Amino acid sequence: MLSVSNLHATVDEKEILKGLSLEVPAGEVHAIMGPNGAGKSTLSYVLTGRSGYEVTAGSATLDGEDLLALEPNERAAKGVFLSFQYPLEIPGVPALTFIRTALNAQRKARGEAEITAPEFLKLARQKAGELKIDFEMLKRALNVGFSGGEKKRMEILQMAMLSPRFLILDETDSGLDIDALRIVADGVNALRSPDRGMLVITHYQRLLDYIKPDRVHVLSAGRIVASGGPELALELEREGYDKYARAAA
Amino acid sequence: MTVAAAIRERDVSQLPGKRDEDWRWTDLRGLIRQAPEPSAVIDPGSLGSGPFDALAEDVIVVANGRGAAHIGVEPGETKVVALRVVSRGDGAHAARVSIDVETGGRLVLLETYEGDAGGYLGQVGLLISVAENAAIERVVLASDGAEGVTVSEALVELSPGAAFAQTVLTSGARRQRLQTTVRHPGGHAALRLDGVYLLADKRHADLTTVVTHAALHGATEQLTKGVVRDQARGVFQGRIVVAEGADHTDARMGHHALILSDRAEVDAKPELEIYADDVSCAHGNTVGALDDEALFYARQRGIPEPEARAMLTEAFIGEVVDRIVHEPAREIARAWAAEQLRA
């Protein structure tokens, strides 16, 4: 599914990713853990094509297709979805309008028919119900005046409605209380399937109690410095990142 | 020295220019060196229908400066009137329109400026009087041609307890000034002056407002937003004067513009002149680019860049359009704005 090989990337001419390699097969959930400044968010932005993040070497492919050559919206249409650490506020655009525009743009890019208004509303009601989001909230401007937890739930709602093939969750647990965390995790777990891959980026182990990873990777100073099973996350929680920070240096 | 006199007397020396403080960003004297011929007489029957015709009980056409010159609303009467100011071909023309809404009357004035590809110079002066407890909502769609020069000057006389609300939307012209001057008597009269300018190519639009609060208890609310690209130039001048003794005036002015190219320009001059002690006045002015982060967010969700830009700019303008009360006119204005932004 996702294959990242020897990826180097710079931001403002400063190298942040320094030869990162990673394989996430379909059906698996991989966690990326690492200290602040290790390059976790940079990885999510490089994979989704944000401007200002320049790839200087290496490759990233999804099912063999070169992601780095595509525009951000083309990557989205191929099924790459990033749940933002800090979801943006979009004044003047109701959440429903935003999501429907995105869904239809993706469908159009894939040569599929647009979703009809009744179908869309039915889907939105169903998914909002599952995520305990008040449907009225979807009529308001996207994320404007929403709490941190509401914004994260809105990310998961978009994810559920856009039904992506590869999910990147960037610090999805930040700003969530325990009840919201459970709702969000349930929403993510509902999307686990044999033909989907997920990359869960997190600083803390807590989220991984709710979204159980198949593999855990430690990212330090721009490279994966250790990989292991779920037990690695527990070890990091106990012993911290010091050992790996030294290993990377 | 007025544009109307310059046209009627065929005397370009009477045109305002950059040495006149209020016209320094909309220089007509520097632009028009020779008095144009008077515009040709055109048959209003040849014009087709206007954008608001279907909403109006009366449609009044002023074509190349000629046509009916008075709109009246009797006490207690409610009316929706379309006023079409049409310019065709080269040449100059000026017109006057007076509008009187008597006590307790209600008028929705749906005004359009419709130009063709000609190099015309058109002026229209509107004298608008709103009696006690009467109300006007004025919605203006200005669709001039790229070579046209248009000056619209409205003078609004408000009475105590009256309400005047306007939204001017324009796509500019070679040079264009849409000016509204309001004599505000206080006395719980309510005033809203909104504007939207959406400019591309080398177009120019100047939205100028002057409000004078003469006495106690007046309210003014203003929100203008603009989007300029290519080599276009937007001008916003908003002056609110609160005279001595006009205490308890509540005035708010906002102007916000998006500049979408390096060569586009926005000139803004918000002014509050306050000679009274106990007032509540505020203004805000911002000029910037589209938010890159919001743009990336929309693209990450699959929305292609041009569509994402259009969606975000429409939303930016939407805040002003949403304030139009007359719903069918609001939707026509919204569709018109979307068309300008996606062109």
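The table below lists the values:
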{"quantity": "Sorted by Cβ density within 10 Å, fewest first, the residues A:Arg153, B:Arg239, B:Arg342", "calculated": "B:Arg342, B:Arg239, A:Arg153"}
{"quantity": "Residues B:Ile274, A:Ile178 arranged by fewest to most Cβ contacts within 10 Å", "calculated": "A:Ile178, B:Ile274"}
{"quantity": "The range B:1-47: trypsin sites (Lys or Arg not before Pro) in DSSP loop, at most 12 other beta carbons within 10 Å", "calculated": "B:Arg19, B:Arg33"}
{"quantity": "Residue-by-residue Karplus 3J(HN,Hα) for the range A:62-78, coefficients 6.51, -1.76, 1.60, Hz, glycine and proline x", "calculated": "10, 6, x, 8, 5, 6, 5, 7, 9, 5, x, 6, 5, 5, 4, 5, 6"}
{"quantity": "Spacing of the two label points (7 Å from each Cα toward its C-beta) at B:Glu74 and B:Asp291, in nm", "calculated": "5.3"}
{"quantity": "³J(HN,Hα) computed for each position of the range A:134-144 - Karplus, 6.51 cos²θ - 1.76 cosθ + 1.60, integer Hz, glycine/proline x", "calculated": "4, 4, 4, 5, 6, 8, 8, 4, 4, 6, 6"}
{"quantity": "Principal axes of the range B:1-106: Cα extent on each, largest first, Å", "calculated": "46, 34, 22"}
{"quantity": "Entries in A:Lys18/A:Lys40; B:Lys225/B:Lys269; A:Lys14/A:Lys40; B:Lys79/B:Lys225 that, when Cα-Cα distance is taken, lie over 18 Å", "calculated": "B:Lys79/B:Lys225"}
{"quantity": "Cβ-derived FRET efficiency at R0 41 Å, B:Arg19 paired with A:Glu136, nearest 0.05", "calculated": "0.15"}
{"quantity": "Stokes-Einstein D for the range B:41-292, Kirkwood Rh over Cα pairs, 4 °C, 1.567 mPa s (µm²/s)", "calculated": "70"}
{"quantity": "Amide hydrogen neighbours beyond the local backbone of B:Gly195, cut-off 5 Å, H modeled", "calculated": "B:Val168, B:Leu223, B:Thr224, B:Lys225"}
{"quantity": "Descending semi-axes in whole angstrom, ellipsoid equivalent of the protein assembly as shown, from the Cα gyration tensor", "calculated": "57, 25, 23"}
{"quantity": "Helix-derived mean residue ellipticity, 222 nm - over chain B, DSSP H n ≥ 4, -39500 (n - 2.57), to 500", "calculated": "-4500 deg cm²/dmol"}
{"quantity": "For B:Val140, A:Val225, A:Val144, order by how many other beta-carbon atoms lie within 10 Å, fewest first", "calculated": "A:Val144, A:Val225, B:Val140"}
{"quantity": "Range of Cα positions in the range B:106-244 per principal axis (Å), largest first", "calculated": "45, 24, 18"}
{"quantity": "Helix runs (DSSP H) in chain B reaching 15 Å along axis by Cα, Kyte-Doolittle at least -0.5", "calculated": "B:305-321"}
{"quantity": "Nonlocal amide H pairs with B:Glu265, under 5 Å, H built at 1.01 Å", "calculated": "B:Ala232, B:Arg233, B:Gly234"}
{"quantity": "Student exercise, the range A:1-152 dipole from Lys, Arg, Asp, Glu Cβ charges, in Debye to nearest 20", "calculated": "560"}
{"quantity": "Simple label model, 7 Å out from Cα along Cβ direction - B:Ala5 to B:Glu327, nm", "calculated": "4.8"}
{"quantity": "Cα extents of chain A along the three principal axes, largest first (Å)", "calculated": "55, 39, 35"}
{"quantity": "Relative contact order computed over chain B (Cα-Cα under 8 Å; 6+ residues apart), in percent", "calculated": "10"}
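Values in this text are rule-based calculations from the coordinates and carry no lab data. From a predicted model like this one, the values you see are computed outputs, not experimental measurements. Neighbour counts run over all protein chains shown; Cβ positions are idealised from the backbone, glycine included.
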